[in-house]
Structures are given as C-alpha cells and as structure tokens.
Amino acid sequence: MRVARAALAPGTARAVDLPASWGLGTTGAILTCDEGGQPRAWLNRCPHARWPLDTFDGRFLFTQDGALICAAHGALFDPGSGRCLGGPGRGEPLTAIALDLSDPDWIGLLPPTA
Ligand code: FES
C-alpha cells in the first residue's frame with residue numbers, strides 16, 4: 001500500500017487505512033513527516049489503552065515543541081522515533097511500520113512480517 005508523498009506535508013501527520021489482508025482489524029496507520037521531509041509510519045494504536053491517537057474527526061495533535069499527543073488521554077510521543085515522552089503511555093513506544101522509500105513520488109507502507 002502506498003501514499004503519494006505530496007499528500008504528506010512536512011511537520012504534519014495523517015491517518016492511513018491499512019489493508020484487511022494485514023490482519024490488524026480496524027487499526028490504521030499514522031504517517032508522520034518531520035520538517036526535513038522524512039516520513040515515518042506507526043500503527044495508530046496507543047500503547048496506553050490501545051485507542052487510535054487521532055481525534056474523532058481524524059486530526060493529529062502536537063505540542064508546541066512537536067510531540068505527538070494521543071487525543072484519548074494525552075500520552076506524548078516523539079513522531080520521529082515513536083518513543084513515549086510522557087503521560088499515560090506506560091513508557092512504551094508506538095509500533096513502527098516499515099517503509100519503502102525507493103520511489104521519490106510515493107511512500108510505500110510494508111506489511112508486518114511474522
Ligand atoms: S489511549 Fe492514548 S493516552 Fe490513553
């Protein structure tokens with residue numbers, strides 16, 4: 001599955017649905033992009049209570065210094081490393097999704113390996 005790079009502006013995040021064949025149920029992905037244009041992807045499932053991190057209308061929230069905020073209870077995550085920075089995230093990181101960045105126009109999300 002892939003997303004056009006043009007659909008992910010630097011310093012933003014967006015939700016992405018994942019194929020049912022990946023076996024993750026309704027869990028989608030978070031695509032993040034740092035200010036330098038480096039994309040990363042995470043399962044959209046908070047380690048605290050396993051809720052999605054976005055708001056009910058699909059927005060991702062950030063602190064003023066760029067930490068990704070779980071909209072459910074406020075856990076904070078580094079959008080570049082997935083590391084939990086505070087709040088009720090129990091210190092557990094977000095789960096990374098591997099990317100294929102070989103095509104300059106597309107971000108490829110790779111299915112989990114067993
Ligand atoms: S589900 Fe994310 S902080 Fe509780």
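Any read-out appearing in this document is the output of simple, stated calculations on the displayed coordinates, not a laboratory observation. The structure displayed is predicted, hence computed values, not measured ones. Heads up, the Cβs are rebuilt from the backbone with ideal geometry, glycines too, and the neighbour counts pull from every protein chain shown.
Observations, loosely collected:
- Shown is the FRET efficiency for residue 26 and residue 102, computed with R0 = 30 Å from the Cβ-Cβ distance and rounded to the nearest 0.05: 0.55.
- Each of the peptides 20-31, 42-53, 102-113 was scored by the mean count of other Cβ atoms within 10 Å over its residues; in descending order, highest first, they stand as 42-53, 20-31, 102-113.
- Point-to-point label distance, residue 5-residue 73, nm (Cα→Cβ direction, 7 Å offset): 3.9
- With Cα atoms as the point set, the radius of gyration and Dmax of region 63-114 evaluate to 13.6, 37 Å.
- Working note: Debye formula, equal point scatterers on the alpha-carbon atoms of the chain, no solvent; log10 I(q)/I(0) at q = 0.24 Å⁻¹ is -1.49.
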